[in-house]
Structures are given as structure tokens and as C-alpha cells.
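Colleague: The structure's right below; bear with me while I get my questions together.
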Amino acid sequence: MAEEKKEEFVLPNVWDLLKAFVITLSENAWRWMGLVVNPVTGRPERDMEQARVAIDCVDILIQRLEGKLSWEETKSFKEILANLQMNFVQQTLKEGGEKDEQ
């Protein structure tokens, strides 16, 4: 009788989890800035406080991953962070201008 070969499930390591969190937080930061529609409502929704916290956490996670990422991953994550930060500032300035017009 031939032995059945079982597939072994390997839990992700902490570094892979942190990379996944960076991606998840980044995607949600775009949504919280109102730049990507909420997939549930189909409308853009803004919550700049949540966006700021998510971007700050992305920054911290990237710093913590220092030395655990390939050069390409490091470059990609730092570009993601820079784009998030730049868009956050733009959206905050835009939000301030909208409040002034009211």
C-alpha cells in the first residue's frame, strides 16, 4: 500500500506577516484618504485620522523590516510610503481649502 503524501502547511514567519500588513495598511490608507472607492459602498469615503495612523504604521513596519527585505522590496515599500505621505499632505491641504470655502 502506497503512503499518501500529505501536504505540509507552513505558517508564515513574522517578516512575511509584516510585509502583508504593510500592503494591507497601504491599500486602506488610499481608501481612507478618499482616493479609492470603498468596495462595500462603491463611493469614496474620507477618514484622514485613520489614513494618518495607517501611514504612520506603514512607516514603522518598514523601519522594523530593515535588513529583512531585498533591495527591490525595500525600494518598493519606500516608494509606497513616499506616495502615501505626499498624497496625505495634498489631501489635507485640499481638505483645508474646502473648509475655508464653506
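The values are calculated or read from the model by the stated rules, or taken from the named source; none is laboratory data. Please read these numbers as outputs of a predicted model, since none were measured by experiment. With ideal geometry, Cβ positions are generated from the backbone for all residues, glycine too; neighbour counts draw on all protein chains shown.
Colleague: Being among the polar types (S, T, N, Q) and in contact with a Leu (Cβ under 7 Å, 6 or more places away or on another chain) is the filter here; which residues of the range 1-51 pass it?
Modeller: SER26
Table: residues versus (1) more than 15 Å from the chain's Cα centre (by Cα); (2) under 13 Å from LEU35 (Cβ atoms); (3) at pLDDT 95 or above.
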site	(1), (2), (3)
LEU65	no, no, yes
GLU79	no, no, yes
GLN90	yes, yes, yes
GLU98	yes, no, no
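Colleague: Condition first: outside any helix (DSSP H, G or I) and either among the hydrophobic types (A, V, I, L, M, F, W, C) or surrounded by 11 or more Cβ atoms within 10 Å (Cβ to Cβ) (or both). Now tell me which residues in the range 1-17 satisfy that.
Modeller: Passing the criteria: MET1, ALA2, PHE9, VAL10, LEU11.
Colleague: Just wondering, is there one or more residues in the range 38-50 that are under 11 Å from the mean Cα position of the chain (by Cα), surrounded by 13 or more Cβ atoms within 10 Å (Cβ to Cβ) and outside any loop (DSSP other than H, G, I, E, B)?
Modeller: No, the range 38-50 contains no residue that is under 11 Å from the mean Cα position of the chain (by Cα), surrounded by 13 or more Cβ atoms within 10 Å (Cβ to Cβ) and outside any loop (DSSP other than H, G, I, E, B).
Colleague: Residue check, ALA82 against (1) exposed (fewer than 13 other Cβ atoms within 10 Å of the Cβ); (2) assigned to a loop (DSSP other than H, G, I, E, B), all met but one. Which one?
Modeller: (2)
Colleague: Say we look at the range 18-36 and pick out the residues that are in contact with an Asp or Glu (Cβ under 8 Å, 6 or more places away or on another chain) and among the hydrophobic types (A, V, I, L, M, F, W, C); which of these is surrounded by the fewest Cβ atoms within 10 Å (Cβ to Cβ)?
Modeller: Of everything passing the filter in the range 18-36, VAL36 is surrounded by the fewest Cβ atoms within 10 Å (Cβ to Cβ).
Colleague: Continuing with the same structure: Residue pairs, Cβ under 6 Å, 6 or more apart or interchain, first in the range 1-27 and among the charged types (D, E, K, R), second assigned to a helix (DSSP H, G or I) and at pLDDT below 95. List them.
Modeller: Listed by first residue and then by second, the contacts come to nothing, as the list is empty.
Colleague: Moving on. Cβ-Cβ distance below 7 Å, separation of 6 or more or different chains: which pairs start in the range 60-78 with a residue that is touching a residue at least 40 places away in the same chain (Cβ under 8 Å) and end on one that is outside any helix (DSSP H, G or I) and not acidic (Asp, Glu)?
Modeller: These pairs meet every condition: PHE77/LEU69.
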